[in-house]
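Asks: Questions regarding the structure given below will be posed in turn.
Read the figures in this text as sums done on the coordinates, not as results from a lab. The model shown is predicted, which means the values in this text are computed figures rather than measured ones. Note that we place each Cβ from the backbone using ideal geometry, even for glycine, and neighbour counts take in every protein chain shown.
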Amino acid sequence: MQQYNRLSFYDEIRRNKYQSFFLIFVVLFVLLALFYTIALIFGGDYFWFIIIFGTIFSLIYVVGGYYKSADLAIASVKAKKADEINYRQYHHLVEGISLASGLPKPRLYVMESPQINAFASGRDPKNAVICVTTGTLEKLDKRELEGVLAHEMSHIANYDIRFMTLTAVLVGMIAVISEIFLRSLFWSSVAGGRDSKDNKNVVLMIVGIILAILAPLIVMLVQLAISRRREYAADSSAVKFMRTPTGLIGALKKIKSNQPMRVSGAVAPLFLAKPNKQRELFQTHPPLEKRISRLERM
């Protein structure tokens with residue numbers, strides 16, 4: 001039987017905190033570079049205004065995204081709060097896992113979807129949320145549902161939620177700003193507002209366009225470099241909480257027959273299994289077959 005190194009919660013937490021700060025640094029750097037390029041292109045008398053506005057906007061958005069990340073993630077999938085009367089089993093299972101893991105009970109939500117999936121979000125265990133689809137509650141038996149919830153609680157315990165939620169917020173922001181910039185360049189050229197003979201301006205425009213196209217990709221690749229490994233770690237931690245991989249294996253096998261969900265690409269990495277069809281290079285999750293095989297050997 002293949003042996004796996006024992007996971008240390010403390011090592012995972014420390015590593016995830018460092019990676020979260022690294023992600024923030026990368027995103028701020030890309031944002032400021034993008035704003036600086038915009039200022040050079042459209043600047044003139046507005047150069048310092050754009051630089052100052054861009055810096056303040058970036059800092060406010062990052063800090064705001066950090067503290068409101070869970071609410072933004074919940075709002076993006078139009079989830080509703082799971083009351084204890086209609087979702088009694090859901091609450092009871094999470095309470096049991098909270099006791100077993102020593103974690104505070106997160107806020108619970110439900111999103112309308114016939115597919116089986118779930119995600120956790122928030123900046124830390126005291127401000128965490130778990131959201132499951134209606135299909136998860138309807139199609140999984142008690143043990144399978146418990147395995148899914150243990151997986152999400154593992155993300156909370158390991159502080160994965162901080163990294164993944166920041167990624168969801170920041171990747172979305174980079175994409176929006178890049179899109180606005182590219183559209184502004186297009187309409188500026190249509191209006192004839194720029195002198196096409198100015199070689200310096202042409203070079204700056206080319207640099208700006210390249211940066212606007214590459215910025216979302218750069219941030220996404222930082223995310224993908226870490227995301228897949230975290231799913232394996234959360235699977236292992238879930239087994240540690242539940243003392244058996246049976247429930248999570250059953251849930252993942254049922255997820256294999258799922259039709260793909262349609263959710264924003266920014267929040268897709270938060271989910272238990274990839275909700276959208278993705279090319280292999282841009283996978284946010286390990287293949288389900290590998291996850292199941294690994295769990296079966298535990």
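Asks: List the trypsin sites (Lys or Arg not before Pro) in the stretch 67-101 that DSSP assigns to loop (not H, G, I, E or B) and whose Cβ has at most 14 other Cβ atoms within 10 Å. Which are they?
Replies: K78
Asks: Among S98, S69, what is the fewest-to-most ranking by other Cβ atoms within 10 Å?
Replies: Ascending number of Cβ neighbours within 10 Å: S98, S69.
Asks: Can you list the residues, at least 5 places off or on another chain, whose amide H is less than 5 Å from the amide H of Y109, using H built in the peptide plane?
Replies: Under 5 Å from the amide H of Y109: A82, I130, C131, V132.
Asks: Please order Y36, Y109 by the number of other Cβ within 10 Å, starting at the fewest.
Replies: Least to most surrounded, the residues fall as Y36, Y109.
Asks: What shape does the stretch 27-144 take by its C-alpha gyration tensor, where a ≥ b ≥ c are the square roots of the eigenvalues and a/c under 1.5 counts as rounded, a/b above b/c as prolate, and the rest as oblate?
Replies: It is prolate, given that a/c is not under 1.5 and a/b is the larger ratio.
Asks: When Y61, Y18, Y90 are ordered from fewest to most other Cβ atoms inside 10 Å of their Cβ, what list results?
Replies: Fewest-to-most ranking of Y61, Y18, Y90: Y18, Y61, Y90.
Asks: When the chain is fully extended, how far beyond the present Cα-Cα distance does F21 get from S293, taking 0.36 nm per residue of separation?
Replies: Result: 94.6 nm gained on full extension.
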